[in-house]
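Taking it in order: structure first as structure tokens, then the write-up.
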Amino acid sequence: MTRLNDEMVKGIIGSLDSTNDMLISMTGMDTMGLACEAIGITPEMIDLKGVVVGVVPVTSGLGIIKKFSESVAEIVRKLGMEAFVTESADVTGLAEALAAGAEIIFMADDIKFVAINTTNGKFSHNSFSTAAGYVTALKGAAGGLAGKEVLILGAGRVGSIAAELMNEMGAIITVYDIDEKKMRDLSAKVGVKTSNDVNSALSSHLLVLNASPGAIDGRYVKEGTIFSSPGIPYPFDELGLKKAKMVIHDPLEIGAAVMAVQSASFSRLRRST
Ligand code: 2YC
């Protein structure tokens, strides 16, 4: 999985409102609406007021990413919950969040990024949340995916979950991954088509979910393409951006927002009366 770095994270807090505006104009949903839609609920079905969220920095592996925890806390606050970053990191930070009575605890090492609901131990994964969030964004931008041809770039964790979700929505999916075996395994599991030439795949698709770390060569982007692109680092060149109709991208917000709503839904769903 590609890892964020200080550079990619430093602008997140200041750009949350413009990400929200981008989502409204491109998908018809704001961040909260998209996060709810991604897990199959409506905003009216969940009560986030008073939910206390603790974010615990983790020093393992390549260590703390500057502003990562603060960015997660701010994303959560924008959804209407209270959030704090613990003073300490790692286990001491976890104990601090538990002692403070956090209902949800976010933690990320270099492999997993989770949001744990402390009332019942259920937890949300970033890979599912990112896939569900960006599939929902693409569905909104495209006006539905049933019967539509979609190209998925990247058969890793996010791309694979995205393939399963869009398959269930009736999309006609082609997957490309530089790793033949990954592509074949996903095709066998989900029954999607595969491509061995990313540029010809790009030039024949108007709907693309990019969940790969690779660059996208604008020369092969089809005029009017809608990209839903969680992939990091940012893959587009100038020509690609000119030819694309829409590019939905952010380095962390959509995935973290779906995690926050999904983990809260494990204890805060209103009983449908
Ligand atoms: O600051 C910290 O607590 C670090 N341990 C955070 C490391 C996050 C590593 N994960 C990632 O960069 C990617 C993100 C795109 C979201 C999921 N994995």
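Hey, E87 hits all of (1) within 16 Å of the ligand (Cβ to nearest atom); (2) under 20 Å from the mean Cα position of the chain (by Cα) but one; which does it fall short on?
Of (1) within 16 Å of the ligand (Cβ to nearest atom); (2) under 20 Å from the mean Cα position of the chain (by Cα), only one is false for E87: (2).
Going through region 125-148 one residue at a time, which ones are in contact with a helix residue (DSSP H, G or I) (Cβ under 6 Å, 6 or more places away or on another chain) and within 12 Å of the ligand (Cβ to nearest atom)?
N126, S127, F128, S129, T130, A131, G133
Yes/no per residue for (1) touching a residue at least 40 places away in the same chain (Cβ under 8 Å); (2) within 22 Å of the chain's Cα centre (by Cα); (3) in the same structural domain as G144 (by TED's automatic domain parsing); (4) surrounded by fewer than 20 Cβ atoms within 10 Å (Cβ to Cβ):
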{"position": "S18", "(1), (2), (3), (4)": "no, yes, no, yes"}
{"position": "G40", "(1), (2), (3), (4)": "no, yes, no, yes"}
{"position": "V55", "(1), (2), (3), (4)": "yes, yes, no, no"}
{"position": "V72", "(1), (2), (3), (4)": "yes, yes, no, no"}
{"position": "L94", "(1), (2), (3), (4)": "no, no, no, yes"}
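Consider G50 carefully, then state whether it is over 20 Å from L16 (Cα atoms), within 10 Å of the ligand (Cβ to nearest atom), surrounded by fewer than 17 Cβ atoms within 10 Å (Cβ to Cβ) and touching a residue at least 24 places away in the same chain (Cβ under 8 Å).
Against the criterion (over 20 Å from L16 (Cα atoms), within 10 Å of the ligand (Cβ to nearest atom), surrounded by fewer than 17 Cβ atoms within 10 Å (Cβ to Cβ) and touching a residue at least 24 places away in the same chain (Cβ under 8 Å)), G50 does not qualify.
How many of the residues making up region 219-268 are away from the ligand (no atom under 16 Å from the Cβ), over 20 Å from G28 (Cα atoms) and touching a residue at least 24 places away in the same chain (Cβ under 8 Å)?
8
Given (1) away from the ligand (no atom under 13 Å from the Cβ); (2) surrounded by fewer than 23 Cβ atoms within 10 Å (Cβ to Cβ); (3) in the same structural domain as N196 (by TED's automatic domain parsing), where does R157 come up short, assuming only one miss?
So R157 meets the others, but not (1).
Out of (1) near the ligand (Cβ under 10 Å from one of its atoms); (2) free of Cβ contacts under 8 Å to residues at least 40 places away in the same chain; (3) under 20 Å from the mean Cα position of the chain (by Cα), what's the single condition that is false for R77?
The one condition R77 does not meet is (1).
Based on this model, can you work out whether M8 counts as surrounded by 14 or more Cβ atoms within 10 Å (Cβ to Cβ), within 16 Å of the ligand (Cβ to nearest atom) and either in contact (Cβ under 8 Å) with a residue 24 or more places away in the chain or not assigned by TED's automatic domain parsing to the domain that holds A155 (or both)?
Values: surrounded by 14 or more Cβ atoms within 10 Å (Cβ to Cβ): yes; within 16 Å of the ligand (Cβ to nearest atom): yes; either in contact (Cβ under 8 Å) with a residue 24 or more places away in the chain or not assigned by TED's automatic domain parsing to the domain that holds A155 (or both): yes.
Yes: the conditions hold for M8.
Just name the residue that is farthest from V53 (Cα to Cα) out of those in region 97-114 that are buried (at least 19 other Cβ atoms within 10 Å of the Cβ) and over 21 Å from the mean Cα position of the chain (by Cα).
The qualifying residue farthest from V53 (Cα to Cα) is A97.
Which one of the conditions (1) over 24 Å from G33 (Cα atoms); (2) near the ligand (Cβ under 10 Å from one of its atoms) does L94 fail to meet, given that it meets all the rest?
(2)
List the helices (runs of 4 or more DSSP H) that sit entirely inside region 1-70 and contain at least 2 residues that are at pLDDT 95 or above and touching a strand residue (DSSP E or B) at 6+ places or on another chain (Cβ under 9 Å).
Values: elements: 6-9, 12-27, 31-38.
Where helices (runs of 4 or more DSSP H) fall fully within region 1-70 and carry at least 2 residues being at pLDDT 95 or above and touching a strand residue (DSSP E or B) at 6+ places or on another chain (Cβ under 9 Å), they are 12-27.
The values are calculated or read from the model by the stated rules, or taken from the named source; none is laboratory data. Just so we're clear, the structure is a prediction, and the values are computed from it rather than from any experiment. As a convention, Cβ positions derive from the backbone with ideal geometry for all residues, glycine included, and neighbour counts pool all protein chains shown.
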